[in-house]
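Taking it in order: structure first as structure tokens, then the write-up.
The values are calculated or read from the model by the stated rules, or taken from the named source; none is laboratory data. Bear in mind that the values here come from a model prediction, so they are computed numbers and not experimental data. When we count neighbours, we look across all protein chains shown, and the Cβ atoms used for this are built from the backbone with ideal geometry, even at glycine. Just the protein is used for accessible areas: all its heavy atoms, side chains included, with ligands, DNA and RNA removed. Shrake-Rupley method; radii C 1.70, N 1.55, O 1.52, S 1.80 Å.
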Amino acid sequence: MLQVLIGLIIIAAIIVGGLYIFRKTTTNRVNDIKAKKYRLVELHVEQELQSGLKMSLTGESLEEFKQLQTSFDQIRNEQFKAIDELADNIAREIKGINVIKTQSDVKMLDNLVNVAQHDVTQTRETLNDFKKIDQKHRQAVSKLEKKYQELRKQLLSQNFKFGDSIDNLEDELSKLEDEFDKFSTLTTNGDHASAKEILATLEVNTNHLESLISVIPGLYKKLQSDYADQLAELKAGYTKLVGDDFNFNDGNIETQIANVETQRVAVLGKLADLDVDAVTKADETIERQIDHLYELMQTEIDSRPQVTEIMPQVSKFIIHAQNQNHELMLELDRLGQNYTLDHGELETARGLGEQIRQLEKDYQNDLNAIEAKQAVDSDILARQQEALVQLEQIEKQQTEINDSVSGLQNDERRAKETLRQFAIDIHGIKRHIEGLNLPGLPKAYLEYFFVVSDEIKKLDSDINKIKINMEDITKQLLIVQSDLETLEEQTNDVKDSAQLAERLLQYANRLRENNAEVEAAVQKAQKLFDEDYDYSASLETIATVLDKVEPGSYKRLEDNYYGK
């Protein structure tokens with residue numbers, strides 16, 4: 001029983017302790033929330049609203065401000081009051097034991113203060129926006145008033161820079177000043193909502209007018225002064241050039257000058273109407289046309305002294321090219337009687353002659369135009385510069401042709417000397433092979449010998465013709481030289497095979513009596529030597545059996561033959 005009593009006492013103590021802690025914690029939290037609300041009250045937003053009345057708002061702005069005041073009155077009279085009442089209720093509830101309801105009310109109290117804080121903050125921000133726009137508009141009034149005074153002063157003091165544009169510029173400025181008066185009045189009266197719309201339009205139109213005032217003087221100067229002076233200069237210059245017998249390809253320049261002048265006057269009219277975009281594009285076109293006219297005239301002025309200088313050069317070059325071609329044709333004709341010209345040298349030379357004649361014709365036509373005072377100097381200069389290029393190319397081709405045929409006689413002399421040496425060489429080969437006193441010569445060797453001999457005879461015949469083809473002769477020389485070298489190699493092979501075979505047969509005769517295999521090989525090798533004239537086969541037959549019967553004997557005899 002005592003234990004139960006002690007347990008109940010402990011439980012009661014825990015409950016009492018828990019309630020104490022809950023009340024203490026809740027009280028602290030409620031105090032924090034109330035302090036947050038007091039800080040909102042201490043902001044004295046109502047005083048800020050009272051100072052806002054000094055802005056003397058009217059119209060839509062005044063209605064918005066009144067609505068802001070009403071909203072804050074609701075915060076102060078309703079939301080703040082609800083917070084205070086709920087805080088008092090919680091203070092009473094804390095003394096009881098309804099913990100759940102107390103916690104719910106604390107949470108609600110916190111939400112009410114947060115909402116109030118948000119509404120107060122928004123009220124202050126909106127009020128601050130009113131002050132900012134009021135300040136902005138009043139600053140804009142001062143700024144625009146000063147700017148319009150400066151623009152008016154600029155138009156009055158520099159009206160000569162704007163030409164006929166001045167009237168429309170002043171009209172535009174007057175319209176802006178009228179709109180500015182409306183804006184200024186609305187700002188003074190505090191109707192910032194209506195003033196805001198006018199200010200946006202004013203700023204755009206003011207910037208546009210400033211841009212016009214900045215750009216127009218430059219455009220007007222170019223159209224009224226610069227281009228007019230340049231066109232007058234072009235007209236006077238053209239008249240003088242025509243008087244100095246200059247001619248032009250590009251139509252009637254005087255008409256072009258008049259057309260540009262017409263455009264200039266028309267564009268000045270557009271400038272007076274403040275159509276700056278169209279004027280800017282037209283200005284670029286006029287400037288380009290004037291530059292083109294200057295370039296046309298300057299090109300002819302620059303070309304004339306160059307024409308005076310180049311014409312004698314071309315004349316001398318043409319005469320030189322004609323003489324060169326005449327001498328080249330004579331030389332080709334002379335060589336053509338004795339040599340075949342395989343690379344179209346005559347046709348090429350004739351073609352060069354035709355080119356020279358055409359260049360001479362063009363030159364004479366240009367010379368006649370100059371004398372008749374009908375020449376376009378730039379055209380003549382271009383033609384004669386091209387003529388010089390062609391004449392240089394013609395001279396290069398003439399030199400190449402001359403170089404290609406100039407060595408024909410030397411080539412013929414060298415070819416004949418080589419032919420004589422070939423004849424000596426083959427005769428030497430013949431004497432050499434005959435001096436071996438062989439029973440005969442291999443058929444293949446004889447056939448090759450006669451082929452080479454016939455090649456030399458044909459070369460001799462071709463080189464002694466009245467008209468020879470040196471290119472073909474050169475090819476034959478190369479073939480004969482190669483074949484002669486091969487024939488010499490074959491002659492040495494026949495000589496070496498025959499003489500070695502004889503030595504081996506003599507050596508084998510000492511072994512044949514005691515060796516039937518040697519006897520048979522000797523008989524076979526002797527037959528190949530004496531009847532078939534196949535000295536290489538004879539040598540191979542006897543060498544094979546000797547190496548078998550007496551190893552190393554063939555190598556020893558071969559080394560002895562070659563002197564090793």
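A few remarks follow.
- Test: residue in region 287-306 that is over 21 Å from residue 233 (Cβ atoms) and either crowded, with 18+ Cβ neighbours inside 10 Å or not acidic (Asp, Glu) (or both): yes
- Unique match (being in a helix (DSSP H, G or I), open to solvent by 20 Å² or more (accessible area, probe 1.4 Å) and at pLDDT 95 or above) among 414, 383: 383
- Single residue of 347, 386, 354 found to be under 28 Å from residue 249 (Cβ atoms) and free of Cβ contacts under 8 Å to residues at least 40 places away in the same chain: 386
- Residue in region 295-306 that is out of contact with any His (no Cβ under 9 Å at 6 or more places or on another chain), at pLDDT 90 or above and more than 26 Å from residue 376 (Cα to Cα) present: no
- Selection count where residues are in contact with a helix residue (DSSP H, G or I) (Cβ under 8 Å, 6 or more places away or on another chain), more than 30 Å from residue 346 (Cα to Cα) and of a type in the set (Val, Ile, Thr), scope region 302-326: 2
- Looking across region 201-255, the residues that are among the polar types (S, T, N, Q), closer than 29 Å to residue 302 by Cα and over 39 Å from the mean Cα position of the chain (by Cα) come down to 225, 239, 247, 252, 255.
- Among the residues of this structure, residue 261 counts as one that is surrounded by 12 or more Cβ atoms within 10 Å (Cβ to Cβ), more than 39 Å from the chain's Cα centre (by Cα) and under 30 Å from residue 223 (Cα atoms).
- Residue selected from region 510-540 under the condition at pLDDT 90 or above and among the polar types (S, T, N, Q), by the criterion farthest from the chain's Cα centre (by Cα): 523
- Residue 498 meets the conditions (1) modelled with pLDDT under 90; (2) closer than 30 Å to residue 549 by Cα; (3) open to solvent by less than 40 Å² (accessible area, probe 1.4 Å) in every case but one. The failed one is (1).
- Being open to solvent by less than 70 Å² (accessible area, probe 1.4 Å), farther than 30 Å from residue 485 by Cα and in contact with a strand residue (DSSP E or B) (Cβ under 9 Å, 6 or more places away or on another chain) is a property that does not hold for residue 376.
- Selection from region 419-476 of residues that are small (Gly, Ala, Ser) and either in a helix (DSSP H, G or I) or open to solvent by 50 Å² or more (accessible area, probe 1.4 Å) (or both): 423, 428, 435, 444, 453, 461
- Of all residues in region 438-467, those that are in contact (Cβ under 8 Å) with a residue 24 or more places away in the chain and within 21 Å of residue 417 (Cβ to Cβ) have Cβ atoms under 6 Å from Cβ atoms of residues that are among the charged types (D, E, K, R) and buried (at least 17 other Cβ atoms within 10 Å of the Cβ), 6 or more apart or on another chain, in 452/483.
- Residue list for region 452-473, filter: β-branched (Val, Ile, Thr) and at pLDDT 85 or above: 452, 456
- Residue count, region 492-546 (criterion: in a helix (DSSP H, G or I), in contact (Cβ under 8 Å) with a residue 12 or more places away in the chain and under 27 Å from residue 425 (Cβ atoms)): 13
- Residue tally, condition open to solvent by 30 Å² or more (accessible area, probe 1.4 Å), closer than 25 Å to residue 379 by Cα and assigned to a helix (DSSP H, G or I), over region 232-258: 11
- In region 501-537, residue least open to solvent (accessible area, probe 1.4 Å) [restricted to those that are of a type in the set (Ser, Thr, Tyr) and under 18 Å from residue 433 (Cα atoms)]: 535
- Qualifying residue in region 291-312 (condition: free of Cβ contacts under 8 Å to residues at least 60 places away in the same chain and in contact with a Phe, Trp or Tyr (Cβ under 9 Å, 6 or more places away or on another chain)): yes
- Set side by side, the residues 321, 272, 349 differ, and just one is on the phi < 0 side of the Ramachandran plot, modelled with pLDDT of 90 or more and surrounded by 12 or more Cβ atoms within 10 Å (Cβ to Cβ), which is 321.
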